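Here, each number is a calculation from the coordinates, and none is a lab measurement. Predicted model only: the values in this text are computed from it and were never measured. All Cβ positions, even for glycine, are placed from backbone atoms using ideal geometry, and neighbour counts span all protein chains on display.
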Amino acid sequence: MLKIEDLHAEIDGKAILKGLTLEVNAGEVHAIMGPNGAGKSTLGYVLGGRPGYEVTQGSVTFDGQDLLELEPHERAAAGVFLGFQYPVEIPGVSNVQFLRESLNAQRVGRGEKPLSGGEFLKLAREQAAGLGLDQEMLKRPVNVGFSGGEKKRNEMVQMGIIDPKFAILDETDSGLDIDALRIVGDGINRIMRKADKAVLLITHYQRLLDYVQPDRVHVLADGRIVRSGGPELALALEREGYAGVAA
């Protein structure tokens, strides 16, 4: 589904990714772990198409397409979803309005018929209920006044409504208490654990991986993947830290 080869990227002239190679197949969950400054979030931003991140070498293929040639909205329509470590607030725009416009723009981009208001509300309520998000919060401005855990659950509701092929989740466990972590982990499994979907989890800690067990774990250090393994690698990182395992 996703194939990254020798990816180099920089921001403001500073090299961050320095030859990253990774392949994620449909039906798989891969976890990216590594110390601060290793390039984990940069990888997510580059895949999502965030402005300011310049690819200087390498290639990224998604479902047979050159992902780097697509604009951010085209990547979204193709099935790529980027979950942020710090979800942004959008004052004056309700969740319902934002999500309906986002979903229908993607459907039109794929040549599908937009959902009616009733169809969309039914879908939104189902997804909010599945993640324990008060349906009244769907009427509020996007993430405004939400706690950290509510923002992350709201982002998972967004993912459930948009129903992407490939989700890049950047430290989705950040700021979650144990109950919210379980709810979010269950939501990821429910939405994305399917044969035609894949997930790239970016995380510092093992705790999310207790709920969303990865097929592969990769250690990212200094802009490159320096080690890969199964779920046991995350446990080794928890015990020994990055210095011992990534050496």
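Where does the chain land at 222 nm, in deg cm²/dmol rounded to the nearest 500, when only DSSP H runs of n ≥ 4 count, each adding -39500 (n - 2.57), divided by all residues? The partial results should precede the final answer.
On the way: 7 runs with 91 residues, N = 247.
Calculated at 222 nm, the ellipticity per residue is -11500 deg cm²/dmol.
Just grab the label-to-label distance for residue 195 and residue 213, each label 7 Å out from Cα along the Cβ direction, in nm (one decimal).
Computed distance between label sites residue 195 and residue 213 equals 2.0 nm.
Starting with the fewest neighbours, write out 66, 173 ranked by other beta-carbon atoms found within 10 Å of each beta-carbon.
Values: 66 10, 173 23.
Listing 66, 173 from fewest to most nearby Cβ atoms yields 66, 173.
Just rank 178, 90, 32, fewest to most, by other beta-carbon atoms within 10 angstrom.
Ordered from fewest to most neighbouring Cβ atoms within 10 Å, 178, 90, 32 come out as 178, 90, 32.
For the chain, calculate the relative contact order in percent as a whole number, restricting contacts to Cα pairs under 8 Å that are 6 or more residues apart. Present the calculation step by step, with values, prior to reporting the outcome.
Values: 448 pairs, mean separation 68.5, N = 247.
That works out to 28 percent.
My understanding is that a pair violates if its Cα-Cα distance is over 18 Å; which of 3/197; 3/152; 3/40; 18/40; 14/40 do that in this structure?
3/152
Tell me, how many Å apart are the Cα centres for the stretch 96-134 and for the stretch 1-80?
Between the Cα centres of the stretch 96-134 and the stretch 1-80 lies a distance of 27 Å.
For the chain, just the Cα set please: Rg and Dmax, both in angstrom.
Answer for the chain, Rg first and Dmax second: 17.7, 55 Å.
Give the angle, between 0 and 90 degrees and rounded to the nearest 10, that separates the Cα long axis of helix 231-246 from the longest principal axis of the Cα atoms of the chain.
Computed tilt is about 50 degrees.
As I understand it, the value is the acute angle between the Cα axis of helix 95-109 and the longest principal axis of the Cα atoms of the chain; what does it come to in degrees, rounded to 10?
Taking the Cα atoms of the chain, the angle to 95-109 is about 70 degrees.
Can you give me the angle between helix 148-162 and the longest principal axis of the chain, using Cα atoms only, in degrees from 0 to 90, rounded to the nearest 10?
80 degrees
What nm value, rounded to one decimal, do you get for the distance between residue 112 and residue 232 when each label is placed 7 Å out toward the C-beta?
Result: 4.0 nm between the two label points.
Using the Karplus curve 6.51 cos²θ - 1.76 cosθ + 1.60 with θ = phi - 60°, what ³J(HN,Hα) values do you get for each residue of the stretch 120-133, in whole Hz, with x for Gly and Pro?
Ordered by residue, 3J(HN,Hα) equals 5, 4, 4, 5, 4, 5, 4, 5, 5, 5, x, 10, x, 9 Hz.
Antiparallel as a % of all DSSP beta bridges within the chain, to the nearest 5?
Bridges in the chain that DSSP calls antiparallel: roughly 60 percent.
Order the peptides 198-206, 149-157, 135-143, 3-11 from the highest to the lowest mean number of other Cβ atoms within 10 Å of their residues.
The densest-packed peptide leads the list: 149-157, 198-206, 3-11, 135-143.
Can you run phi through the Karplus equation (6.51, -1.76, 1.60; θ = phi - 60°) for the stretch 217-225 and list ³J(HN,Hα) in whole Hz, with x for Gly and Pro?
So the J values, rounded to whole Hz, are 10, 10, 9, 9, 9, 6, x, 9, 7.
Name the long-range amide H neighbours of residue 217: under 5 Å, sequence gap of 5 or more, or other chain; modelled H, no Pro or chain starts.
Answer set, sorted by chain and number: 31, 229, 230.
Once you have a ≥ b ≥ c as the square roots of the Cα gyration tensor eigenvalues for the stretch 55-102, tell me rounded if a/c is under 1.5, and otherwise prolate or oblate according to whether a/b is larger than b/c.
Since a/c reaches 1.5 and a/b is larger than b/c, the shape of the stretch 55-102 is classed as prolate.
Starting from 0 in steps of 10 Å, tell me what percent of the Cα-Cα pairs of the stretch 1-109 lands in each bin.
Bins of 10 Å from zero give 12, 41, 33, 13, 0 percent of pairs.
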